[in-house]
Every structure is written in C-alpha cells, then in structure tokens.
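The values are calculated or read from the model by the stated rules, or taken from the named source; none is laboratory data. Because the structure is a prediction, the values reported are computed rather than measured. Neighbour counts are summed over all protein chains in view; Cβ atoms, including those assigned to glycine, are modelled from backbone coordinates with ideal geometry.
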Amino acid sequence: MWQAFCCMRPILIVITLLSSLALCSKAQESPYFVTYDHHLEEPGNLEIATSSTMGVPRSGQRFYFAPYAEFEYGVTGRWTSELYLEGQSTAGDSAVFTGWRWENRFRPLAREHWINPVLYLEYEGINEASRIQKEIVGNAPGFGEPNSELSQTHAHELETKLILSSNFHDWNLAENFIVEKNLSQNEGFEFGYSLGVSRPLASLASGTKCRFCRENFSAGVELYGGLGSTAGFGFHDTAHYLAPVIAWQVSDNATLRFSPAIGLTHQSNPVLLRFGYSYEVRGFGSKLAQLFGGKP
Amino acid sequence: MLVTTPRVFAGLLCAVAMCCTALAQNASYEPDTGWQAPADAAARVNPLARKPAAAAGGKKLFLRECAECHREDGSGLVKKHSADLRLSVVQGQSDGTLFWKITNGNPDRGMPSFSRLPEMQRWQLVLFLRQLAPLKDSREKQDAK
C-alpha cells in the first residue's frame, strides 16, 4: 500500500498545489461521491476538489490508489461544467496518468419541484488503467493486467445521465440512470445506476461559529452498480456497492468527505475507500473577467 | 502644511469611501415582477417566528451564503443587481414569499437556489432578514419630498 502512495507523490504534490490556489472560498457540499443531486454550482463560482478511490481487491489482486482533481464551474444558474484529471497507482506496478473528463450538467426547470431533473453529458478521454470509478457501468472490469498494457488502450467515451433528485424537509433522495458509449470500440451501450439518500445531522444553525457541531456534518448512503450492456442487460457479472457517506464542513472554506464502499457481488472489490476535499472559490468568473479588463 | 496635508488627504479618502459605499448600495433595486411565489407558498408561516434567538444562526448563514451579493448589511450591490433587502419592497413580502424565493432562487437573474440548505436554516434566514434595518425605497423617498 505504501509503495503505491510513494509512486503517486508527484501527482499528489501537483494536486495539493492546485488546491492551495483556492484562498477565499466556502463550501456546502453534498456527501455523495458517485450520485449527483439537482444542486448545481452557483454561477461564477469555481470549486476545486481532490478526491481519491482506493481499491482493496480480492486475494491475488493488487491494491490500487486512484486520485483525481475536479474543477467545477457554474457557467449559469442552470449549467455547470466540470473538468477532471485523473491518475492511478497500483502496488508493485507503476503510477500512470489515466486521462481527463469533461462533464456538463443542465437543469431544464428553473423552480424546485417534487422531482427535479438534471441532464448530464460527459466526454471521457481516458485509458483502460482508469480506476477512479466515478460511475459503475456495464460488466465488472478485470484488474489483473499491468498498467503498462492498460494505459496503451485508449477509450473515448460519451456518457449521459438522467439525474432525478428530491428534497423532503432535510432529506435528499437522488437517483441517477447512466448510459455510456465507448466510441473507440464496438461495445454497444453500457448501463448503470446510482441511488443516494442523505441529510444533515442538525436542522438548525447555531449562532456561533463552531467546527465540530452537528450542523457541519451530513451523512447518508449510496447504492451504485452496473446493469450490463446492450449485449446483455441485467445484473449478471456486474459490480455493485453499498456505501455509507459522510461530509464534514471543516470551515466556511472547505469540506472533507469519506465513504467506505462495500462490494455486494463477487465481481466487486470487497472494499472501496473514497476520500474527498473540496474548496469553492466564490466569484471566480468576475475576478477572472476583471483581470483581463472585462466587465465583472 | 505638513500637518494639514495628511488631514486633507484622510478627509478626501473618507469622502471617496463614503461615495463608493453609497454608489455600491442598490437602493434603486427594481424587483423582477415575474418572480412571484404561489399563493400557498406565500401564505406559509415561519415556524421559528416565536423563537427569535434562532435569528443568530440566520445571521451566521446570511454572512456565509448571502453577504457576497447582498453585503453584510443587506444593502445589495449595483454591479450584481442584487436586492437591497432593507427596502420596503422586500420587507413588505410575507415570510412564506421570502422562504420560497430563497428556496427556488431566480437563476435567470443570478439569484441561486438555496434548497441545499435544510428547511429550518432557510427559515432562520427569513427570521434574520426581518432584523435588517428597514429602509424606504427611492420612490417612497421621492414621494415623501
């Protein structure tokens, strides 16, 4: 495990430096890692986040560590765009850059409704060594081949999601339906799902600033997995995970998240550990515009 | 001369700062007439109305979530087209209407939705908004003259 961390040191340094660029920020994050709810980024704000997925595979397979950086920008009140950069390191193997993703979320309805739909469109320029598992689709991937081989197989993928999300008092319930198409290979369409439910641990905000009070924590659970492909739809040979999630708003600036996911099928990893740390730079768009002499 | 120059400079600086503050406030805020809460939402009563102490939490939330656009005193910013929350055109709205507007936002006019906040925290914000120093809007000032 330690060897995998050492291999990733340069990538971790870059990610840490990028995160430290966020000097003035605030955060109010949902605790989910995989599931999306209907809350978009505020217009003009930039969220910088670093997360990682650590896989503890079955016996005979190797531990891996897959960090990724996210740059999420609120383009308008109804459109959020996000860029991902990701890497991966496997114990006893190498550390590799596994690609990038560009996702966009659109909210067609302006007002809050009983069920709030969001349309999601993502392009992925990744390789087969990718392990961040931001979504689980299709059939379960194998983890046996070395990074040197996997990183040579590139995949240009288009992913769409229908996000449905509802708030009931303090509870959030979100459902994501995923369709992914690998444009590089004739694999047909792959399907997946993700469900999440969460709530803050306290409803009322206290009058004083506090770091450990309950209002700064939210918790929930996610359930996600693959649903096969057009070649064979269903649960056969698919990975599924049940994942408790918890988020701690450390300060007005930052949020920490953690999720230990438990594999539910033989094709799943027994455990996936996910960590996340996010900043939100408020008014980034107007500051950038002012820098270049534009109208804020 | 050596004594007076710094005083004059400081005076000018104060005057400029006061002008900037006055210009930055959005007392001439024009509400979006199409941004109306449904009647049932407008009629809702603040469940924290009898708990004024909860406004302290509302203030904390306001400073964290709202002050960047509405300023710490709620006076709004011209460049952000954000409302001066002290105006009677805002304060005259029901608690339910303010709650609905905080919850839904007005994304096409730059006001984000705050439905991600727990419901009671949104009511805390409404409670705090009622504590902002009331101010008559510019038209009312003109009428008074």
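Restricting segment A:158-170 to residues that are modelled with pLDDT of 95 or more and either surrounded by 14 or more Cβ atoms within 10 Å (Cβ to Cβ) or under 23 Å from A:Gly99 (Cα atoms) (or both), the residue that is farthest from the other protein chains (Cβ to nearest Cβ) is A:Leu158.
The set of residues from segment A:24-80 being among the acidic types (Asp, Glu), outside any strand (DSSP E or B) and closer than 21 Å to A:Leu288 by Cβ comprises A:Glu41, A:Glu42. Listed by first and then second residue, the pairs with beta-carbon distance under 8 Å, at least 6 apart or on different chains, first residue in segment A:29-48 and more than 13 Å from chain B (Cβ to nearest Cβ) and at positive phi, second in a loop (DSSP other than H, G, I, E, B) and buried (at least 24 other Cβ atoms within 10 Å of the Cβ), form an empty list. Summed over segment A:63-82, residues that are aromatic (Phe, Trp, Tyr) and within 12 Å of the chain's Cα centre (by Cα) total 2.
Test of understanding: among B:Leu77, B:Leu63, B:Leu85, which residue is buried (at least 21 other Cβ atoms within 10 Å of the Cβ) and either within 14 Å of another protein chain (Cβ to nearest Cβ) or of a type in the set (A, V, I, L, M) (or both)?
Selected residue: B:Leu85, the only one of B:Leu77, B:Leu63, B:Leu85 that is buried (at least 21 other Cβ atoms within 10 Å of the Cβ) and either within 14 Å of another protein chain (Cβ to nearest Cβ) or of a type in the set (A, V, I, L, M) (or both).
Take A:Leu201 and decide whether it is of a type in the set (A, V, I, L, M, F, W, C), within 25 Å of B:Met120 (Cα to Cα) and surrounded by fewer than 21 Cβ atoms within 10 Å (Cβ to Cβ).
Numbers: of a type in the set (A, V, I, L, M, F, W, C): yes; within 25 Å of B:Met120 (Cα to Cα): yes; surrounded by fewer than 21 Cβ atoms within 10 Å (Cβ to Cβ): yes.
So A:Leu201 fits the description; yes.
Inside segment B:96-114, residues that are crowded, with 19+ Cβ neighbours inside 10 Å and either acidic (Asp, Glu) or part of a loop (DSSP other than H, G, I, E, B) (or both) make up a count of 4. Note on segment B:77-116: residues that are among the aliphatic types (A, V, I, L, M) and over 14 Å from the mean Cα position of the chain (by Cα) total 0. Scanning segment A:96-143 for residues that are basic (Lys, Arg) and closer than 30 Å to A:Gly232 by Cβ returns A:Arg101, A:Arg105, A:Arg131, A:Lys134.
Going by the structure shown, is B:Lys51 facing chain A (nearest Cβ under 10 Å), modelled with pLDDT of 90 or more and surrounded by fewer than 16 Cβ atoms within 10 Å (Cβ to Cβ)?
Values: facing chain A (nearest Cβ under 10 Å): yes; modelled with pLDDT of 90 or more: yes; surrounded by fewer than 16 Cβ atoms within 10 Å (Cβ to Cβ): yes.
It is true that B:Lys51 is facing chain A (nearest Cβ under 10 Å), modelled with pLDDT of 90 or more and surrounded by fewer than 16 Cβ atoms within 10 Å (Cβ to Cβ).
Filtering segment A:175-211 to residues that are on the phi < 0 side of the Ramachandran plot, part of a loop (DSSP other than H, G, I, E, B) and in contact (Cβ under 8 Å) with a residue 12 or more places away in the chain leaves A:Leu183, A:Ser184, A:Gln185, A:Glu187, A:Leu201, A:Ala202, A:Ser203, A:Arg211.
All of (1) under 30 Å from A:Arg199 (Cα atoms); (2) within 8 Å of another protein chain (Cβ to nearest Cβ); (3) not in a helix (DSSP H, G or I) hold for B:Gln93 with one exception: (2). Condition (residue is within 13 Å of another protein chain (Cβ to nearest Cβ), touching a residue at least 24 places away in the same chain (Cβ under 8 Å) and crowded, with 22+ Cβ neighbours inside 10 Å) applied to segment A:257-278: is it met by at least one residue? No, segment A:257-278 has no match at all.
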